[in-house]
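Participant: Please read through the structure below; I'll follow up with questions.
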Amino acid sequence: MGEIEDAIERADREAFTREPPKTLKAQIGYLLKQMGSAKAVAQELGVTADSVNRYRRGARKHARADVAAKIDDAVRARWQPMVRKRRQRQAAATGGITVETRARFGYTAPVGTSDDGRFRRLTVHLPATYAQRLFDARDAGANDQEMRGIIAEGFKDVYFQDGGSRATGLSDVEINDIDYLDLDF
């Protein structure tokens, strides 16, 4: 996963109205209910169906660290899908998305202006159209660079050009060397 996709996933997790199951037995029980069979769960986790059944019965109380991480990721990926979808629909329709980042921004500007890239710490609320484009790109399998481009275009319009009232000669904005990036919607 790329930085943008990770940020979207973190924002999704913040939307949980209830915490996902914590114990190994409860997590396996949830996955069995979602996926239908021990074989399907085992295939997703990379373990045997017997191991899945041992976790379910409580015969094995702890999974190996790598398997426990896969179990946790599988549960969180399936947890409260309606809550996630509702928040994403709201962000894409009316709410927009807030991007907080510290990164190196470079841009193409007219001669005589400073177009040297430099680190900036920005928190910018992007309109719903950018949220919709970002979610559509992620769902279409876009890579991190393509999603960065959407966010950079939003920064150009909202932050650098202030909706067209300044820096009208600015033609291209790039986000490089991201220290951190966080999304909220």
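The values are calculated or read from the model by the stated rules, or taken from the named source; none is laboratory data. Model, not experiment: these values are computed from the prediction. Virtual Cβ from ideal backbone geometry, glycine too; neighbours counted across all protein chains shown. Just the protein is used for accessible areas: all its heavy atoms, side chains included, with ligands, DNA and RNA removed. Shrake-Rupley method; radii C 1.70, N 1.55, O 1.52, S 1.80 Å.
Participant: From the residues TYR55, LEU126, GLY149, which one has its Cα farthest along the dipole of the chain in the positive direction, the dipole being from +1 and -1 charges on Cβ of Lys/Arg and Asp/Glu about the Cα centre?
Facilitator: Ranked along the dipole, the leading option is TYR55.
Participant: Would you work out which of ALA65, GLY29, ASN176 lies farthest towards the positive end of the dipole of the chain? Charges go on Cβ: Lys and Arg +1, Asp and Glu -1.
Facilitator: Comparing the listed Cα positions along the dipole, GLY29 ranks first.
Participant: Per-residue ellipticity at 222 nm for the chain, helices alone: DSSP H runs ≥ 4 residues times -39500 (n - 2.57), over residue total, nearest 500 deg cm²/dmol?
Facilitator: My calculation for the chain gives -14500 deg cm²/dmol from helical runs alone.
Participant: Identify all aspartates and glutamates with a Cα-Cα distance to LYS85 below 15 Å; exclude those on the same chain that are fewer than 8 residues away in sequence.
Facilitator: Hits, sequence-local ones excluded: GLU9, ASP12, GLU14, ASP136, ASP139, ASP184.
Participant: In addition: Nothing charged except the Cβ atoms of Lys and Arg (+1) and of Asp and Glu (-1): what's the magnitude of the dipole of region 28-89 about its Cα centre? Round to the nearest 20 debye.
Facilitator: Roughly 380 debye, rounded to the nearest 20.
Participant: Quick one: grab the alpha carbon gyration tensor of region 25-65, order the square roots of its eigenvalues as a ≥ b ≥ c, and give me rounded if a/c is under 1.5, else prolate or oblate depending on whether a/b is larger than b/c.
Facilitator: It is oblate, given that a/c is not under 1.5 and a/b is not larger than b/c.
Participant: Let me ask something else. Which whole-Hz couplings ³J(HN,Hα) result when phi for each residue of region 37-54 is put into the Karplus expression 6.51 cos²θ - 1.76 cosθ + 1.60, θ = phi - 60°, listed in order with x for Gly and Pro?
Facilitator: Each residue's phi maps through the Karplus curve to give 8, 5, 5, 5, 5, 4, 5, 5, 8, x, 10, 8, 5, 4, 4, 4, 5, 5 Hz.
Participant: Which one is right for this structure if Cα extents along the principal axes in Å is calculated from it: [x] 60, 33, 27; [y] 71, 30, 24; [z] 44, 38, 37?
Facilitator: [y]
Participant: How big is the dipole moment of the chain about its Cα centre under a simple scheme where the beta carbon of each Lys and Arg is +1, that of each Asp and Glu is -1, and everything else is neutral? Debye, nearest 20, please.
Facilitator: 1540
Participant: Which whole-number value in Å² is the accessible area per residue of the chain, probe 1.4 Å?
Facilitator: Here the residues of the chain average 56 Å² of exposed surface.
Participant: Please sort 22-29, 50-57, 63-70 by packing, taking for each peptide the average over its residues of neighbouring beta carbons within 10 angstrom, highest first.
Facilitator: 50-57, 22-29, 63-70
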